[in-house]
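The values are calculated or read from the model by the stated rules, or taken from the named source; none is laboratory data. All of these numbers come straight from a predicted model, not from anything done at the bench. Because the Cβ atoms are built from the backbone with ideal geometry, glycine has one as well, and the counts that use them run over all protein chains shown. Quick note on the areas: whole protein, heavy atoms, side chains included, nothing else; ligands and nucleic acids left out. Shrake-Rupley method; radii C 1.70, N 1.55, O 1.52, S 1.80 Å.
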Amino acid sequence: YDFAEKVEYLGIGIYGSRNSPPKIDPALLGSALVEITDEKNEKGRGMRTRANDLAKVMDRYKGRKVAADKIIELSEL
């Protein structure tokens, strides 16, 4: 549920089935997918744009690689 909350907070997605956790309501999830992927939906276009912008920023930092390199470096001490 944490990731669903985060994507909504960041404006890069929708909590697809908020009213039915831990199960999934197919109708709610389907509506969320249509909202995000429909090219005619301005809100969905905005979410995709923000998600792509965030992906570009995150790609610059290579966090997993930096963390792995640091772990290797520390293990060699």
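Listing for the model above:
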| item | result |
| --- | --- |
| Under-20-angstrom lysine pairs by C-alpha in the chain, whenever the two are 8 or more apart or on separate chains | 5 |
| 1.4 Å probe accessible area per residue over the chain, in Å² | 83 Å² |
| Unit charges at the beta carbon, dipole of the chain: most positive-side option, I14, L29, A55 | A55 |
| Sum of side-chain charges, L33 neighbourhood, beta-carbon under 15 Å (Lys, Arg +1; Asp, Glu -1) | 0 |
| Principal axis dimensions, the range 24-64 - Cα atoms, whole angstrom, descending | 37, 25, 9 |
| Percent RCO, i.e. relative contact order, over the chain, from Cα pairs under 8 Å lying at least 6 residues apart | 21 percent |
| Helix-only [θ]222 nm of the chain, DSSP H runs n ≥ 4, -39500 (n - 2.57) each, per residue, nearest 500 | -22500 deg cm²/dmol |
| Efficiency of FRET between K23 and A51 - r from beta-carbon atoms, R0 22 angstrom, step 0.05 | 0.30 |
| Reduced Cα scattering model of the chain, Debye log10 I(q)/I(0), q = 0.12, 0.19, 0.24, 0.27 Å⁻¹ | -0.50, -0.84, -1.07, -1.19 |
| Heavy-atom accessible surface of the chain: percent carbon and sulfur, 1.4 Å | 61 percent |
| Unit charges on C-beta of K, R, D, E only; dipole of the chain, Debye | 140 debye |
